[in-house]
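First comes the structure, then the notes that go with it.
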Amino acid sequence: MKNVDSKKRKILNIAYGFESILAIVILIAVLLGIIDILRIIYDSFIIHFNRPIDYGQLNAIFAQILLLVIGIELAVMLTLHIQTALIEVLLFGIARKMLLLPKNNGMVEILLGVIAIAGLFLIRKYLIKEDSTLPEDIQNSNAKQN
């Protein structure tokens, strides 16, 4: 029985290691994306400042920034294993989808997005305990300090 538990523990440790590696890869991709978005903003707002920015270009910049935020939240979710990280990834994903909707139509999609975000806030408020916002090892270290 003890041998089976040690095998499971080894497999879990390997899985956590892979998750950490994936989180690092995601963060590297986010860093490269930040450099790219800064280049786009510099080109659009500073170099070509006399040319007005249209709605589509600004929408694309916001969509790319929200995609970077989703990447950061995915890295947090892979690293910390907390319930609220999943809710935050879903929130940013829905917000990004709502941002990418065409400006002249899609009112039903916007309404569904608002309802989905409200549902996620209700889930966070009523179904997730306050203690579950921190990983267990951080909770244990906080309890030992008190």
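All of the numbers you see were taken from the coordinates with simple rules; none came from a lab. Nothing here was measured: the structure is a model prediction, and the numbers come from that model. Glycine gets a Cβ as well: all are built from the backbone with ideal geometry, and neighbour counts include every protein chain shown.
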Compute the FRET efficiency between Phe62 and Lys10 as 1/(1 + (r/R0)^6), taking r as their Cβ-Cβ distance and R0 = 35 Å, and round to the nearest 0.05. 0.20
Percentage of interatomic Cα-Cα distances in the chain larger than 18 Å: 71
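Hey, what did region 2-128 get for relative contact order, percent, Cα under 8 Å, at least 6 apart?
Values: 71 pairs, mean separation 32.5, N = 127.
Over region 2-128, the number comes to 26 percent.
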The residues Phe49, Phe92, Phe121, sorted from fewest to most surrounding Cβ atoms within 10 Å, come out as Phe49, Phe121, Phe92
